[in-house]
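Nothing in this text is a laboratory measurement; each read-out follows from the coordinates by a stated rule. Nothing here was measured: the structure is a model prediction, and the numbers come from that model. All Cβ positions, even for glycine, are placed from backbone atoms using ideal geometry, and neighbour counts span all protein chains on display.
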């Protein structure tokens, strides 16, 4: 799986903003408002990857969270991206 | 034709195909050495024409092909908007009023009433003027944001070739009553991103987002709900100077 568009991500203070760049800027006019975990997931999705790899990355970074918490957060966010047509499987 | 203009204290050499850009920039001509050059080619005009066509289709408007000289003015400003990112400056869509040595910026999607509201300011405050009615440049000097006049100023073309410290940015919305309140940057930065010229290249987008974030350091933000009563100008001014 991989993001359909090329995004750049910027820490805007309390949140992160993801904005499409290059030729994709003309295809997706909006932006994404993200929390820190979602921004991490989006960063991982810039390259071809798998849910398992992203889960492992998050588990390492957020070691105080349980497998279930990470899995729940990841699945929810991936579903949102699929719903918005932003993720290619 | 080749000439140099100065906007936001940035000197820009322009090599244009038509005279209209030169005519548009009359108040901004300079003899200074350019900091960078903008060259226009036929392909830039084709790009603007196709962009206008796409936007008309997206908005379900009848598309009238704009004349090439006008399209060239758009192409020039697009290239300027990309290049000024190297000078701590960026382009944000909005109307800027100058009053008592400060700049007040009003931004909103098209059709909300920026022009109507800024006209209320001109009617209410005899010293008020429009620094730029549509596409000002914001530039940082010593971390402080300045609003800068440019010749590209929307349908009315109202602009003044000066820069003023940016006192506040006001998001304009329609309301039953005239009321204004401070609003946190976190609540409105997506609107600011939406109103800002968005370049293509990733590093330029990064710069743009960084500048928008930098605005939060020294600029105050307000949400103005306003109706068609000219008193909206007084409410807005007092709210931003209370």
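Quick one: helix A:51-61 against the long Cα principal axis of chain A, what's the angle to the nearest 10°, folded into 0 to 90?
Tilt of helix A:51-61: around 70 degrees.
What FRET efficiency comes out for residue B:37 versus residue A:61 if R0 is 35 angstrom and r is the Cβ-Cβ distance? Round to the nearest 0.05.
FRET efficiency, residue B:37 to residue A:61: 0.15.
Please report the relative contact order for the stretch A:2-88, taking Cα pairs under 8 Å with a sequence separation of at least 6, and give it as a percent rounded to a whole number.
Working: 92 pairs, mean separation 25.5, N = 87.
It comes to 29 percent, rounded to a whole number.
Nearest 0.05, what FRET efficiency do residue A:75 and residue B:102 give at R0 = 41 Å with Cβ-Cβ as r? Each step should come with its number before you reach the end.
Details: r = 50 Å, r/R0 = 1.22.
Plugging the Cβ-Cβ distance into 1/(1 + (r/R0)^6) gives 0.25.
What share of Cα pairs, in percent, lie more than 31 angstrom apart in the protein assembly as shown? Could you put the intermediate results ahead of the total?
On the way: 21990 of 54615 pairs.
When every Cα pair of the protein assembly as shown is considered, 40 percent fall beyond 31 Å.
Roughly how many nanometres apart are two label points built 7 Å out from the Cα toward the Cβ at residue B:50 and residue A:22?
Here the answer is 1.8 nm between the modelled labels.
Using only the alpha carbons of the stretch B:2-87, determine the length spanned along each of the three principal axes and report them from longest to shortest in whole angstroms.
Here the Cα extents, ordered largest to smallest, are 44, 26, 22 Å.
What spacing in nm lies between the two simple spin-label points modelled at residue A:4 and residue B:15, each 7 Å away from Cα in the Cβ direction?
In this crude spin-label approximation the distance works out to 4.0 nm.
Each label point is 7 Å from the Cα along the Cα-to-Cβ direction; what then is the distance between the points at residue B:217 and residue A:46, in nm?
2.4
With contacts defined as alpha carbon pairs under 8 Å and 6 or more residues apart, what's the relative contact order of the stretch B:151-229 in percent?
Numbers: 78 pairs, mean separation 41.6, N = 79.
Result for the stretch B:151-229 is 53 percent.
Compute a Gaussian network model of chain B, connecting alpha carbons closer than 10 Å, and tell me which residue from B:58, B:222, B:77 fluctuates the most.
B:58
Work out how far the C-alpha atoms of chain A reach from end to end along every principal axis, then list the three figures in whole Å, largest first.
For chain A, the Cα extents along the three principal axes come out at 39, 31, 19 Å.
From the Cα trace of the stretch B:75-137, what convex hull volume per residue do you get, rounded to a whole Å³?
Working: hull volume 5.6 nm³, N = 63.
Looking at the stretch B:75-137, the number lands at 90 Å³ per residue.
Averaged across A:21-32, how many Cβ atoms of other chains sit within 10 Å of each residue's Cβ atom? Don't skip to the end; give the middle numbers.
Details: counts 9, 4, 1, 1, 6, 4, 0, 0, 3, 3, 6, 1.
Average per residue, whole number: 3.
Determine one quarter of the surface area of the Cα convex hull of chain B, which equals its mean projected area, and express it in nm² to one decimal.
Values: hull surface 53.7 nm².
For chain B, the mean projected area of the Cα convex hull comes to 13.4 nm².
What's the center-to-center distance, using Cα atoms, between the stretch B:165-209 and the stretch B:81-102 in Å?
Each part reduced to its Cα centre gives a spacing of 12 Å.
Got the relative contact order for chain B handy, in percent, Cα pairs under 8 Å and 6 or more residues apart?
18
Going by how many other beta carbons lie within 10 Å of each one, how would you line up B:208, B:173, fewest first?
Values: B:208 24, B:173 13.
Lowest to highest Cβ neighbour count: B:173, B:208.
Please work out how much length the chain gains when fully extended from residue B:127 to residue B:186, using 0.36 nm per residue of separation minus the C-alpha to C-alpha distance, in nm with one decimal.
Working: separation 59, 0.36 × 59 = 21.24 nm, distance 3.29 nm.
18.0 nm is the gain from fully extending residue B:127 to residue B:186.
Between the helical axis of A:67-83 and the dominant principal axis of chain A, each derived from Cα atoms, what acute angle in degrees is found, rounded to the nearest 10?
20
Which residue fluctuates the most in chain A, going by a Gaussian network model with Cα springs under 10 Å, if the choices are A:74, A:32, A:58?
A:32
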